[in-house]
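Participant: My structure is below; once you've seen it, I'll send some questions.
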Amino acid sequence: MRIVIQRVSEASVTINEEKISSIRQGLLVLASFEATDTVEDLDWTCKKITQLRIFDDLQGVMNLSVQDIEGEILVVSQFTLHAKTKKGNRPSYINAAPPDISIPLYHQFVETLSENLGKKVQTGVFGAHMVVGLINDGPVTIIIDSKNKDF
């Protein structure tokens, strides 16, 4: 799994000019899956997301998690996070899982993330053309790759 996390003061997903989901303070999570992703990858990533201390405490130090601030999470599927750009100018998405694998992984990811957060996670629509709006707070952007935990 490859995840991009953005700390936001608000974020939303619009499809065909209709806002389908939105959050206030919390995390916008862009998620991409590989065919080799496992339940262990999902569990590790969800725990990491909900426990990352990237929100300011009273002293202005990033020391609080999204759980600590009772924030919200919006998850958007984004297979392009697995783009390979080494060769030529047209990205290759060969490492992104095909829909028959990534759709169940996406739904399990959202469910596990909701369980870890302790409340419903908002989502986009898998495979749809979405307009994602956000106000990145900081800016704070974190990249997590379950296949490269040292990243």
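The values are calculated or read from the model by the stated rules, or taken from the named source; none is laboratory data. Fair warning: this is a prediction, and the values are worked out from it, not measured in the lab. Glycine gets a Cβ as well: all are built from the backbone with ideal geometry, and neighbour counts include every protein chain shown.
Participant: Keeping to the stretch 39-93, report how many residues are modelled with pLDDT under 95, surrounded by fewer than 18 Cβ atoms within 10 Å (Cβ to Cβ) and among the aromatic types (Phe, Trp, Tyr).
Facilitator: Of the residues in that region, 1 qualify.
Participant: For the stretch 138-150, indicate whether the set of residues that are at pLDDT 95 or above and exposed (fewer than 12 other Cβ atoms within 10 Å of the Cβ) is non-empty.
Facilitator: The answer is yes, given that some residue of the stretch 138-150 is at pLDDT 95 or above and exposed (fewer than 12 other Cβ atoms within 10 Å of the Cβ).
Participant: Moving on to the next point. So which residues in the stretch 22-38 are surrounded by 20 or more Cβ atoms within 10 Å (Cβ to Cβ), within 16 Å of residue 71 (Cβ to Cβ) and touching a residue at least 60 places away in the same chain (Cβ under 8 Å), if there are any at all?
Facilitator: Selection gives 23, 28, 29.
Participant: Just checking, how many residues over the stretch 12-40 are hydrophobic (A, V, I, L, M, F, W, C) and farther than 26 Å from residue 93 by Cα?
Facilitator: Residues of the stretch 12-40 hydrophobic (A, V, I, L, M, F, W, C): 13, 15, 20, 23, 27-31, 33, 35, 39.
With the extra rule that they be farther than 26 Å from residue 93 by Cα, the set shrinks to 20, 23.
The qualifying residues number 2.
Participant: Which one of the conditions (1) closer than 15 Å to residue 6 by Cα; (2) in contact with a helix residue (DSSP H, G or I) (Cβ under 7 Å, 6 or more places away or on another chain) does residue 78 fail to meet, given that it meets all the rest?
Facilitator: Residue 78 satisfies every listed condition except (2).
Participant: Moving on to the next point. Residue by residue through the stretch 6-47, note down the ones that are under 18 Å from residue 118 (Cβ atoms) and in a strand (DSSP E or B).
Facilitator: Those that are under 18 Å from residue 118 (Cβ atoms) and in a strand (DSSP E or B): 23, 26, 27, 29.
Participant: Given 59, 51, which one is in contact with a helix residue (DSSP H, G or I) (Cβ under 9 Å, 6 or more places away or on another chain) and not hydrophobic (A, V, I, L, M, F, W, C)? It would help to see each step written out before you state the result.
Facilitator: Details: 59 fails: in contact with a helix residue (DSSP H, G or I) (Cβ under 9 Å, 6 or more places away or on another chain).
Going through 59, 51 in turn, just one is in contact with a helix residue (DSSP H, G or I) (Cβ under 9 Å, 6 or more places away or on another chain) and not hydrophobic (A, V, I, L, M, F, W, C): 51.
Participant: If a residue has to be farther than 18 Å from residue 112 by Cβ and either in a loop (DSSP other than H, G, I, E, B) or hydroxyl-bearing (Ser, Thr, Tyr) (or both) to count, how many in the stretch 48-77 make the cut? Step through it out loud before you land on a result.
Facilitator: Of the residues in the stretch 48-77, the ones farther than 18 Å from residue 112 by Cβ are 53-64, 68-70.
Filter once more, keeping what is either in a loop (DSSP other than H, G, I, E, B) or hydroxyl-bearing (Ser, Thr, Tyr) (or both): 53-54, 57-61, 68-70.
Of the residues in that region, 10 qualify.
Participant: Select from the stretch 23-37 the residues that are more than 14 Å from the chain's Cα centre (by Cα) and over 11 Å from residue 101 (Cα atoms) and list them in ascending order.
Facilitator: First pass over the stretch 23-37, keeping only residues more than 14 Å from the chain's Cα centre (by Cα): 24-25, 34-37.
Answer for the stretch 23-37, where residues must be more than 14 Å from the chain's Cα centre (by Cα) and over 11 Å from residue 101 (Cα atoms): 24, 25.
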